[in-house]
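Undergrad: Below: one structure in structure tokens.
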2 protein chains.
Amino acid sequence: MTTHKITFFPHNREIEVEDGTNLIRAAMDAGVHINASCGGEGVCGKCRIVVEQGAVEGGISEMLTAEDRDKGYRLACRSTVVGDASIRVPVESAIDASVLRQQAVPRKTARIQQMDLEDLKEQGLFLPPVEKIYVELPEPDNQDHLPDVTRLVSHLKLNHDEHRLTVSLPVIRKIPDVLREDGFKVTATLARPVMDSGKTEIVNVQPGDTSDRIYGIAMDIGTTTIYGQLIDLKDGAVLAEHGDFNGQISYGEDVISRIVFAEKQGGLERLHKIVVETINGIIGKIVRRAKVDPEDIAAITLAGNTTMTQLLLQINPRYIRRSPYVPASTLYPPIRAVDLGMDLDDHVSALVYPAVSSYVGGDIVAGVMGSGLYLDDRLTLFMDIGTNAEIVIGNRDWLACAACSAGPAFEGGGIKFGMRAAKGAIEDFSLDPATWEPMLMTIGNKRPKGICGSGLIIMTAVMFELGLINNLGKFNRDLTTDRIREDSGVWEYVLAWADETQIDRDITITEIDIENLIRAKGAIFSGCMTLLNEVGMGMADIDRIILAGGFGSYVDLEKAMTIGLLPEIAPAKVTFIGNSSLMGAKMSSLTNRIRRDVVEVTRSMTNFELSETPSYMDNYVAALFLPHTDMGQFPRLEKRLAQRQNGGK
Amino acid sequence: MTTHKITFFPHNREIEVEDGTNLIRAAMDAGVHINASCGGEGVCGKCRIVVEQGAVEGGISEMLTAEDRDKGYRLACRSTVVGDASIRVPVESAIDASVLRQQAVPRKTARIQQMDLEDLKEQGLFLPPVEKIYVELPEPDNQDHLPDVTRLVSHLKLNHDEHRLTVSLPVIRKIPDVLREDGFKVTATLARPVMDSGKTEIVNVQPGDTSDRIYGIAMDIGTTTIYGQLIDLKDGAVLAEHGDFNGQISYGEDVISRIVFAEKQGGLERLHKIVVETINGIIGKIVRRAKVDPEDIAAITLAGNTTMTQLLLQINPRYIRRSPYVPASTLYPPIRAVDLGMDLDDHVSALVYPAVSSYVGGDIVAGVMGSGLYLDDRLTLFMDIGTNAEIVIGNRDWLACAACSAGPAFEGGGIKFGMRAAKGAIEDFSLDPATWEPMLMTIGNKRPKGICGSGLIIMTAVMFELGLINNLGKFNRDLTTDRIREDSGVWEYVLAWADETQIDRDITITEIDIENLIRAKGAIFSGCMTLLNEVGMGMADIDRIILAGGFGSYVDLEKAMTIGLLPEIAPAKVTFIGNSSLMGAKMSSLTNRIRRDVVEVTRSMTNFELSETPSYMDNYVAALFLPHTDMGQFPRLEKRLAQRQNGGK
């Protein structure tokens, strides 16, 4: 991938960006403020810059006069990086001196932690749960009347050292014809026991040699979205993947409304059927895309939260939403996929990730397993942030977990102009501390339509750090800018004027929005604090953070630490594992080590019901500040604020 | 049961018979010949006897003159024993001197061997495969959020020493509501592992205390008939039983024609469905009769021959009837009864008896297990005689088995006037060695219609022993009786004249009939010989015989030895276990010891394919005589024949 070096002046700040990067994105990533209100659509004309050396593509606009264009002026948001370049941000598009001295943040989002199959193999953790063996059996004759199954089993025993074999009924049904289809040359699919004391089951037989084709499916059953991957079990390669909305959405957006529906007459059966339909749709797509023979699929592993899991297995989730919030079970036996209604061969076994409690489900356990957290010495904070945030803290010796209800702020809910992360959502933000003019970037570079969760965090962090709001999230009423105003008794900051938006109204961020965000981040931070307190530790003991879920992919780490959502830690120690549920399901498809360990791991995960843990409320109240009442926990921020108060010296 | 003593003169032979016994039956059982041709219907008027002391009920007939009646004459076949009596058989109804000296045979059929649960318990062999445990669980609260399943499992672990528990999905589905139905008081049904290394599975939960109700079903899947028993698993009591024709009969009477049908398009599915329908009909009947709650049925065990088993499990039986006669499998995994289409709760596991080979099936293995043969020191000959006869020889140390095709003679097939054992079939026979007049008894005391298998054996034995036929089964052409004649080149003996029968034709037994019987008994005897020869033993080494199946219940032991169907052994050492398949299935329902041993037993049963065992043909040819070319194997018979040749001295 080609990268280019862009240098911004007068900041004299360099950034390496990929070929084709939008120039305003490059500035934002370099920590260079350029006034911009239209999100990158090129209509506000504010983001004028001068190309001093090198060249960019585009950036020409009717907002620029011919004279401007001749002088090298371009609109940053319409310019694309195609080579090294020096860019000057003119005074009218920026900036005061203090901004120039801000440290650039080389990585804003967490680096991705990839699972490495080779590592697993080296560590001896690669124990394939299913394998194929090709055999050429002697044919029966008048001196050799071995039954077909015995013929195969004996051969595997004598020639392949396979002992303690059992055979499923579907295989017994197939074996007479399959053996004779290709002269007693067959490939047997063996499902390995989880424990050494268990038995290996012959789950399929196929005529001829098919031993090079063995696949598995990993699936994340999310409340909103279901993702599936078709995996080559020989090397872990993902041959196809697909995601789709969980069809249950029509019956309620969140788990609680699904449970309510499941309690109605026929509701559970309906929700079960619908999620299986979604799953079958995904299976069909990935099988067709990867062009594999469905018979070569040997297993499917699924992970989801406790409610999604119970609905998938058609287990009444009624008591999950009623105090004392008890799930039916946290361990689920292996089930034939066809018995759940899945469009898979009848030899395919469905493994469903175990849960810890009603609100720390199999998706989180999958993350703990897939990330390897449970095998690591380092004290790790694992977080999956959404409406419900799940937290796991621990290492190879101990694990504690909790779920906290953060509310919908991170998904734009309860925010005046909140929206999901979709086109037109303000996702990045910078502020000129002299003029209080904003620099907005929207998803898709469209004119702003609203604010998404990650944008809200960035705005709050930037406004707090520059003093636009105080540590209670209240606007500084003394500042002279018409962007800060009171509307119907609520103070707000105007991000974009009506004529710059898609919605023909001023888009603002209000004190109520910020208060909601503070409550949400407070709930999560105090959840972490409570878990740590219960085991006699503190935030400073955390060696690393693993972020899971969509939120983890785009959250600006430094900003999340600034508002006190994440504890202050070196950004390099924060990793993002993406869809941890899917990753864990994939890992389980590839190695039995996970299945062997997972029951013990879930048993060892101490679950805290925060609402019933006395220290939680104290921790929560202490966290209802930016970043926290105990500023000592955020030394880097404390230092930056001190520098700013000293006039940037 | 009241019995009476009947003394026959001039034989001076006593017999103890039950109140209500037919007098001619009493005579037959006492070895007293009375001429009789009409089978006991009272129309031939030949069986005149005189009641000298005591009295009988009935026996008055228009065949007797008033004078006869006054003298005490009665027709034996119409007289019923109601008290002790002395009976004289007049010369015209019998007899010669030699008959008077014949030894009476105190027991003609084998005594019944009963399974004894108490014995099993004493021997430590009673390991219930399923048990119920009633528990009162603590209710969850804010300090105790154990998942429902964990709550039950932990309680069973701590308070009932139940470890290594697993839980099935149906239980997980039920548990939330069941626990709360009766305040967390529940009864768990536990299915025990076959091996100690296995796990106990919780297969059902019920509200309240149902621990006194736990039932199993045992079923024999016969080619012709299916029998089922509902068993109380606490004490082994049979609460209800029922038999019905296997619905597959419409698709062929024997296993070969069923296999042929199964090879047709959709044939296997059809036969599977039909046998399950018959099974469901029987289940419905026994459940209703025993008035049990179907939910309290915990298991079903089934046994059948290899073809019936494969059809039940929907396994293509195609190769069973093709050389080299290889079955798909001889071991079958436990299957959920509902997966086979049975009308049983989804927690019910179906256990299907393993087979040894294509023609030594689960019904025979069930007999070996149920009879305890495999645990016994004595060298035992186990036989299930029918169109296909299965033979097992061995003891606790070794077992050999074979199947031989005896042909249909034992069921009246291939016999000129052969018929199944039904009303009018001649089932017992005696012969006056002076006049060669017969004494016939028919099933239901109806005028003769034909000859059933057991009757054929008795006739052949009696005719051979009295010299009416020689050891090749040929009639003595020198005897002066019009009952022996040649018809269309075939010699025959007239059992009943046309006017004495139901069919208005003379009923005869022909040399071809006898030849067919000799072939059938020769096949079985030489099968036994071959097995014994292969292990270096002989008939004399056999300590006892176990007869299984319908045939074993009515075969006259001494006569069967006389024709050389059974080896000569003290009749007291022959036992009859009835439907061994059903008995074995019942035993498996009651104790896991059987399931634990059965796999090893079937593995240790050396199966001989007689058609490919060189010594078989020699043994067969040697057995095509009455009783055998080697008369030395039948010393008792040899002695009797010698006595007779010496004029009965």
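Undergrad: So in chain A, which Cys have no other cysteine's beta-carbon sitting under 4.7 angstrom from theirs?
TA: By the Cβ distance rule, which asks for a partner under 4.7 Å, the isolated cysteines are A:C47, A:C77, A:C401, A:C404, A:C452, A:C528.
Undergrad: Now for a different question. In whole Hz, with x marking every Gly and Pro, tabulate ³J(HN,Hα) for region B:130-147 from phi via Karplus 6.51 cos²θ - 1.76 cosθ + 1.60, θ = phi - 60°.
TA: 9, 9, 10, 10, 8, 9, 10, 8, x, 7, x, 8, 5, 9, 9, 9, 3, x
Undergrad: Just check region A:508-564 against the gyration tensor rule for me: Cα atoms, a ≥ b ≥ c as the square roots of the eigenvalues, rounded for a/c under 1.5, and otherwise prolate or oblate depending on whether a/b exceeds b/c.
TA: oblate
Undergrad: Moving to a separate point now. Spin-label point model (7 Å from Cα, Cβ direction): what's the A:S405 to A:E181 distance in nm?
TA: Once both label points are built, they end up 5.4 nm from each other.
Undergrad: Using Cα pairs under 8 angstrom and six or more residues apart, how large is the relative contact order of region A:294-390, in percent?
TA: Worked out over region A:294-390, it gives 30 percent.
Undergrad: What are the membrane-span-like helices in chain B by this rule: whole DSSP H runs, Cα extent along the axis at least 24 Å, mean Kyte-Doolittle hydropathy at least -0.5?
TA: B:267-290, B:511-534
Undergrad: Same structure, new question: In nm to one decimal, list the spacings between the A:T435 label point and its equivalents in the other copies, with label points set 7 Å along Cα to Cβ, shortest first.
TA: Taking the point 7 Å beyond Cα along Cα→Cβ, the inter-copy spacings are 14.1 nm.
Undergrad: Just grab the label-to-label distance for B:R164 and A:M63, each label 7 Å out from Cα along the Cβ direction, in nm (one decimal).
TA: Each label point is offset 7 Å from its Cα along the Cβ direction, giving 7.4 nm.
Undergrad: Using helices alone, I'd like the mean residue ellipticity at 222 nm for chain B: each DSSP H run of four-plus residues gives -39500 (n - 2.57), total over residue count, nearest 500.
TA: -8500 deg cm²/dmol
Undergrad: Projecting each Cα onto the charge dipole of the protein assembly as shown (Lys/Arg +1, Asp/Glu -1 at the beta carbon, about the Cα centre), which of A:P90, B:V89, A:P448 comes out farthest on the positive side?
TA: The one lying farthest along the dipole's positive direction is A:P448.
Undergrad: With a ≥ b ≥ c the root eigenvalues of the C-alpha gyration tensor of region B:350-409, is it rounded (a/c under 1.5), prolate (a/b larger than b/c) or oblate?
TA: oblate
Undergrad: Other chains' Cβ within 10 Å of B:517-525 residues: what's the mean?
TA: Mean inter-chain Cβ contacts per residue within 10 Å come to 0.
Undergrad: Right, another one. If you count the DSSP beta bridges with both ends in the protein assembly as shown, what percent of them are antiparallel, to the nearest 5?
TA: Here the share of antiparallel DSSP bridges comes out near 65 percent.
Undergrad: Give me the summed buried accessible area for the B-A pair, 1.4 Å probe, to the nearest 100 Å².
TA: Counting protein atoms only, the buried area is about 3200 Å².
Undergrad: Modelled label-to-label distance, B:N470 and A:N471, 7 Å Cα→beta-carbon offset: nm?
TA: 12.6 nm
Undergrad: Okay, next question. Residues of region B:150-193 that become at least 40 Å² less accessible with every protein chain present than in their own chain isolated, using 1.4 Å: which are they?
TA: Hits at the 40 Å² cut-off: B:L169, B:I172, B:R173, B:P176, B:D177, B:R180.
Undergrad: While we're looking at this one, here's another question. Distances from B:N142 to the same position in the other copies: list them in nm, one decimal, shortest first, using label points 7 Å from Cα along Cα→Cβ.
TA: Distances to the matching label points in the other copies: 8.4 nm.
Undergrad: Among rounded, prolate and oblate, which fits region A:447-494 when a ≥ b ≥ c are the square roots of the eigenvalues of its C-alpha gyration tensor, a/c under 1.5 means rounded, and a/b larger than b/c means prolate?
TA: In terms of gyration-tensor shape, oblate.
Undergrad: With +1 on the Cβ of every Lys and Arg and -1 on the Cβ of every Asp and Glu, and nothing else charged, how large is the dipole of region B:281-413 about its Cα centre, in debye rounded to the nearest 20?
TA: For this selection, approximately 380 debye.
Undergrad: What is the average number of partner chain Cβ atoms found within 10 Å of a Cβ in A:305-318?
TA: 2
Undergrad: In addition: Check the axis relating chain B to chain A and name the residue of B whose C-beta is nearest, distance in whole Å.
TA: Nearest-to-axis residue on chain B, with distance in whole Å, is B:S197, 3.
Undergrad: Expressed as a whole number of Å, what is the distance separating the alpha-carbon centroids of region A:135-192 and region B:133-158?
TA: 45 Å
Undergrad: Here is a further query. So between B:D346 and B:V238, what do we pick up on full extension, going 0.36 nm a residue minus the alpha carbon distance?
TA: Gain in length upon complete extension: 36.6 nm.
Undergrad: Which of the peptides B:518-524, B:134-140, A:557-563 is most tightly packed, and how do the rest follow, judged by the mean count of other Cβ atoms within 10 Å per residue?
TA: Taking the mean over residues of other Cβ atoms within 10 Å, the ranking is A:557-563, B:518-524, B:134-140.
Undergrad: In addition: In whole Å, how far is the Cα centre of region B:38-93 from that of region A:323-345?
TA: 77 Å
Undergrad: Give the long-range amide H neighbours of A:L431: residues separated by 5 or more places, or on another chain, with amide H under 5 Å away, using H modelled in the peptide plane at 1.01 Å from N.
TA: A:M439
Undergrad: Put a label point 7 Å from Cα along the Cβ direction on B:V50, then list its distances to the equivalent points in the other copies in nm, shortest first.
TA: Distances to the matching label points in the other copies: 15.4 nm.
Undergrad: Largest first, how would B:D428, A:D343, B:D478, A:D244 line up by accessible area (1.4 Å probe)?
TA: The residues order as B:D478, A:D343, A:D244, B:D428, largest area first.
Undergrad: Apply the Karplus curve 6.51 cos²θ - 1.76 cosθ + 1.60, θ = phi - 60°, to the phi angles in region B:541-551 and return the couplings in whole Hz, x for Gly and Pro.
TA: Karplus-based 3J(HN,Hα) across region B:541-551 equals 7, 6, 8, 6, 10, 10, 9, 10, x, x, 3 Hz.
Undergrad: Using a Förster radius of 51 Å, what is the FRET efficiency between B:A572 and A:R603 based on their Cβ-Cβ separation? Nearest 0.05, please.
TA: 0.25
Undergrad: Projecting each Cα onto the charge dipole of region A:449-516 (Lys/Arg +1, Asp/Glu -1 at the beta carbon, about the Cα centre), which of A:A496, A:T510, A:M463 comes out farthest on the positive side?
TA: So the residue we want is A:M463.
Undergrad: In whole percent, how big is the carbon plus sulfur part of the accessible area of the protein assembly as shown, probe 1.4 Å, protein atoms only?
TA: Here it works out to 48 percent.
Undergrad: If I take every Cα pair under 8 Å that is 6 or more residues apart in chain A, average their sequence separation and divide by the length, what percent do I get for the relative contact order?
TA: Averaging sequence separation for qualifying contacts and normalising by length gives 15 percent for chain A.
Undergrad: Calculate one ³J(HN,Hα) per residue across region B:192-206 by plugging θ = phi - 60° into the Karplus curve 6.51 cos²θ - 1.76 cosθ + 1.60, and present them in order as whole Hz with x for glycine and proline.
TA: Going residue by residue, I get 7, x, 5, 9, 4, 6, x, 10, 7, 10, 7, 9, 7, 10, 9 Hz, with x marking Gly and Pro.
Undergrad: Give the accessible surface of the protein assembly as shown per residue, rounded to a whole number of Å², with probe radius 1.4 Å and ligands, DNA and RNA excluded.
TA: Each residue of the protein assembly as shown exposes 38 Å² on average to a 1.4 Å probe.
Undergrad: Using DSSP, restrict attention to beta bridges with both residues in chain A and report what percent are antiparallel, rounded to the nearest 5.
TA: Rounded to the nearest five, the antiparallel share is 65 percent.
Undergrad: Can you give the translational diffusion coefficient of region B:581-629 in µm²/s, computed by Stokes-Einstein from the Kirkwood radius over Cα pairs at 20 °C and 1.002 mPa s?
TA: Approximately 154 µm²/s, per Stokes-Einstein.
Undergrad: What trypsin sites (Lys or Arg not before Pro) in region A:223-314 are in a loop by DSSP, with at most 12 other Cβ atoms within 10 Å of the Cβ?
TA: A:K264, A:K291
Undergrad: Tell me the GluC sites (Glu not before Pro) within region B:1-96 that lie in a loop according to DSSP and have at most 11 other beta-carbon atoms within 10 Å.
TA: Of the GluC sites (Glu not before Pro), the ones in loops of region B:1-96 whose Cβ has at most 11 other Cβ atoms within 10 Å are B:E62.
Undergrad: Need the C-alpha centroid separation for region A:412-435 versus region B:433-471, integer Å.
TA: Cα centroid of region A:412-435 versus Cα centroid of region B:433-471: 107 Å apart.
The values are calculated or read from the model by the stated rules, or taken from the named source; none is laboratory data. What you see is a predicted model, and the numbers here were worked out from it, not measured in a lab. Cβ: placed from backbone, ideal geometry, glycine included. Neighbour counts: every protein chain shown. Please note that ligands, DNA and RNA were not included when accessible areas were found on the heavy atoms of the full protein model with its side chains. Shrake-Rupley method; radii C 1.70, N 1.55, O 1.52, S 1.80 Å.
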